[in-house]
Amino acid sequence: MNSSQTVRPPPVRADTGSDFARLSRKIQKAGLMARRPGYYALRMAAVTALYAAGWTAFVLIADSWWTLLVAGFLAFVFGQVALLAHDVAHRQVFRLRKGSEVSGRVAGNLGIGMGYGWWQDKHTRHHANPNHEDLDPDFDPDILVWTQDQARAARGLPRLLGRSQAFLFFPLLTLEGFNLHVSGVRSLFDRSLKHRMWEGALLTAHLAAYLGTLFLVLPPGKAVVFLLVHQCLFGVYLGSIFAPNHKGMPILRGADRPDFLRRQVLTSRNVRGGRLTDIVLGGLNYQIEHHLFPSMPSPHLRRARSIVRGYCQELGVSYAETSLINSYRQTLASLHAAGAPPEKAADHLTPPPSRGAREASRYVGHRPESGVRPPTRVGPGAADTGGSWSYRDNPHAAPTGRGSRFGDAGQDRASSVSQDRTASWTH
């Protein structure tokens, strides 16, 4: 090196701490972690009034097929109760644990027949490792499979339905309400479940009141039809809320452990919309912000979005946001790619990782065959460099291109931060 040249040290950030710590300070400074007791008091009162109005209308209409309209209305109300229980479980509402546990079980077990303790445990594990094939309970294969590996290992009904699972997704959601009830009852036989007697008593009370009301007010045939319509629509509503959040986003596997901020941001998807969308989806349309700050009251998520989005742009971390319809399209395309036979799935999957991607994997401890396979870096010199990559080329993300029966599902990035930026996982 020429002795006349000056060697400048690399720039040092004035703000210290991890990427998430810096973001957290911005959020705290904006006052977005402060509880909103007035908002939640009003919301609880409104949902309780709707709940009472629905059952009052059911009793007044009585022996008539018009009660099926009430079934649809109550499906929406049950979904709103579930969303309230979700906020309570995340300690968004009450400061003390006891208040959260009491109100959560009253809303979940007594209000809609959902095992609150079982669901809370499952949901907490999901938040810790979203879209991790081995650690996220929402990623466990059941009737549906989420990856090609799961499809190859599937037996029985999942294997039979694999090729058609994308077309069966919404019809299968009609079973989700029943699944919640059955899972809640099954959890009562797990000795590790806290407050089993209390949960069991509340579930029994809900079941007795629900079935008793149906069969006292309606003839048996109409009561069964009402039950089916109500529970099926409830399942579709819940599934339609949660499906857009992670399905079709990058999948982690094995030792894949990006830092907290990237683990939450890159596996989540926001849904664009206005105030009506916020109400219908319960604020979960701001999934990225919710996963970063689970205890943030849901009315603050909209304001947090601009801070998080700008911060991701500053870091060069991709921020996925799309319309509700396109989020479903991406979900279905991902399901089709996972369940399709290998020769058809090849239309959707990216080629094996390049040399640059393999080099990138060394920096973060990802194996090249990992569930989140680092694709080639975007930009000049991409073929020979590593260290960062774009999540949008992940082979398990929503497939794009001519081969997808569900259209060019992954291309809606008009409101995404850094459409062609790379998403560095190395910080």
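Values quoted throughout were computed directly from the atomic coordinates according to the rules given, and no laboratory measurement underlies them. Just so you know, these numbers come straight off a predicted model, no measurement behind them. Note that each Cβ is placed from the backbone with ideal geometry, even for glycine, and that neighbours are counted across all protein chains shown.
As a proxy for reagent exposure, ranking 234, 78, 260, 20 by other Cβ atoms within 10 Å from fewest up yields 260, 20, 78, 234. What the pair-distance distribution of segment 35-246 shows, using all Cα-Cα distances binned every 10 Å from zero, is 8, 30, 35, 21, 6, 0 percent.
Database remark: amide H of residue 319 closer than 5 angstrom to the amide H of 417 (H placed geometrically; neighbours at sequence offset of 5 or more, or on other chains; Pro and chain starts carry no H). Is any residue of segment 79-120 close enough, with backbone N under 14 Å, to a label point placed 7 angstrom from the Cα of residue 36 along the Cα-Cβ axis, and if so, which? The answer is 84, 87-88, 92-94. The ranking of 61, 112, 27, 325 by Cβ neighbour count inside 10 Å, starting from the fewest, reads 325, 61, 27, 112. Each Lys and Arg contributes +1 and each Asp and Glu -1, all at the Cβ; summed about the Cα centre of segment 35-246, the dipole is approximately 480 debye. Note down the relative contact order for segment 178-276 as a percent, whole number, built from C-alpha pairs under 8 angstrom at least six residues apart. Over segment 178-276, the number comes to 21 percent.
The mean of 1/r over all pairs of different alpha-carbon atoms in segment 148-227, once inverted, gives a Kirkwood hydrodynamic radius of 15.8 Å.
Across segment 220-346, the mean sequence separation of Cα contacts (distance under 8 Å, 6 or more residues apart), normalised by length, yields a relative contact order of 27 percent.
Remark: segment 49-54, residue by residue, has Karplus-estimated 3J(HN,Hα) of 5, 5, 4, 5, 5, x Hz, where x stands for each Gly or Pro and the curve is 6.51 cos²θ - 1.76 cosθ + 1.60 at θ = phi - 60°. Using the Cβ-Cβ distance between residue 164 and residue 18 with R0 set to 51 Å, the FRET efficiency works out to roughly 0.70. Summing +1 for each Lys or Arg and -1 for each Asp or Glu among the other residues whose beta-carbon sits under 13 angstrom from that of residue 128 gives 0.
Can you work out the FRET efficiency for the pair residue 255 and residue 295, with r the C-beta to C-beta distance and R0 = 30 Å, to the nearest 0.05? The computed FRET efficiency comes out at 0.60. In terms of overall dimensions, the C-alpha atoms belonging to segment 75-153 reach 45, 28, 16 Å along their principal axes, ordered largest to smallest. Can you figure out the FRET efficiency of residue 175 with residue 314, using R₀ = 45 Å and their beta-carbon distance, to the nearest 0.05? The formula returns an efficiency of 0.55 here.
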